[in-house]
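Engineer: Before I ask anything, let me first share the structure, which is written out below as structure tokens.
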Amino acid sequence: PRMGRDFRSVRSWVRTVGLDLAAVDTIVIPLNLGRVHWVLVVIDVANRDFKYCDSFLDGDKTGAVPHLRAWLKDEVRHQLGQEAADAMQIDDWPLVENEDVPEQFYGSSCGVFALAAAECFAAGVPLIYTQDDMDTLRERVAIDLFIDDLVCSL
């Protein structure tokens, strides 16, 4: 399937979550590829790079990062102005693929790997889990979902 860009639709999501580019250092984006595999893209605003994290250690074969790069340029332009977008030189930010990403050995763990990586990046800690930790991490996800105080307004 081809990826496309729809800035207006993404813009409404950005507004909903309250993303303020002037106040963030890291943007963590889980992506589902072909409805069968989860990967993580981290936009490291502070260090000015894009990190592509695939537990199968493949590269960005779907071209997700160029779309996210274009989105970021549009969003910076929208939130901070053209001058800020030009100054950030987002087109020059390198793509770092699978640096220190733990490898997945079984086909049904990619979502847990992506969640674990997202949590580590959000907390600013190294990715130190392995395939052997998946059962424990699955239990933690279940507990987090169970005890989370979800508010639903109907």
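Engineer: Loop-only GluC sites (Glu not before Pro) in region 42-149, please: DSSP not H, G, I, E or B, and at most 11 other Cβ atoms within 10 Å. Let's see the in-between values first.
Structural biologist: Details: sites: Glu75, Glu83, Glu97, Glu99, Glu103, Glu119, Glu139; in loops: Glu99, Glu103.
Loop-located and lightly packed - Glu99.
Engineer: Something else now. In the chain, once you exclude exposed chymotrypsin sites (Phe, Trp or Tyr not before Pro) (DSSP loop, at most 12 other Cβ within 10 angstrom), what's the longest stretch remaining? Kindly include the intermediate steps, with their values, before the conclusion.
Structural biologist: Numbers: sites that count: Phe105, Tyr106.
After excluding every exposed loop site, the longest remaining stretch is 1-104.
Engineer: A further question on this structure: Calculate the FRET efficiency for Asp144 and Gln89 from the Cβ-Cβ distance with a Förster distance of 30 Å, rounded to the nearest 0.05. Kindly include the intermediate steps, with their values, before the conclusion.
Structural biologist: Working: r = 38 Å, r/R0 = 1.26.
That gives a FRET efficiency of 0.20.
Engineer: Distances over 18 Å make up what percent of all Cα-Cα pairs in the chain? Spell out each step's value before the answer.
Structural biologist: Values: 7366 of 11781 pairs.
Within the chain, distances greater than 18 Å cover 63 percent of Cα pairs.
Engineer: Please identify the trypsin sites (Lys or Arg not before Pro) of region 48-154 that satisfy two criteria: DSSP loop assignment and at most 16 other Cβ atoms within 10 Å. Which are they?
Structural biologist: Numbers: sites: Arg48, Lys51, Lys61, Arg69, Lys73, Arg77, Arg138, Arg140; in loops: Arg48, Lys61.
Loop-located and lightly packed - Arg48, Lys61.
Engineer: Nothing charged except the Cβ atoms of Lys and Arg (+1) and of Asp and Glu (-1): what's the magnitude of the dipole of the chain about its Cα centre? Round to the nearest 20 debye. Could the numbers behind the result be given before it?
Structural biologist: Values: 14 positive and 26 negative charges, 162 e Å.
It works out to roughly 780 debye.
Engineer: Out of the total accessible area of the chain (probe 1.4 Å, heavy atoms of protein only), what percent is carbon and sulfur? Spell out each step's value before the answer.
Structural biologist: On the way: 5310 of 9860 Å².
Roughly 54 percent of what the probe reaches on the chain is carbon or sulfur.
Engineer: Among Ala122, Ala142, Ala64, determine the one that fluctuates most according to a GNM of the chain built with springs between C-alpha atoms less than 10 Å apart.
Structural biologist: Largest GNM mean-square fluctuation: Ala142.
Engineer: Give, as ranges by residue number, the residues of region 68-111 whose backbone N falls under 15 Å from the point 7 Å along Cα→Cβ of Asn47.
Structural biologist: Answer for this model: 93-102.
Engineer: Per residue, how much accessible area does the chain have with a 1.4 Å probe, in Å²?
Structural biologist: Working: 9860 Å² over 154 residues.
Roughly 64 Å² per residue, with all protein chains present.
The values are calculated or read from the model by the stated rules, or taken from the named source; none is laboratory data. The structure displayed is predicted, hence computed values, not measured ones. As a convention, Cβ positions derive from the backbone with ideal geometry for all residues, glycine included, and neighbour counts pool all protein chains shown. Only protein heavy atoms, including side chains, enter the accessible area calculation; ligands, DNA and RNA are left aside. Shrake-Rupley method; radii C 1.70, N 1.55, O 1.52, S 1.80 Å.
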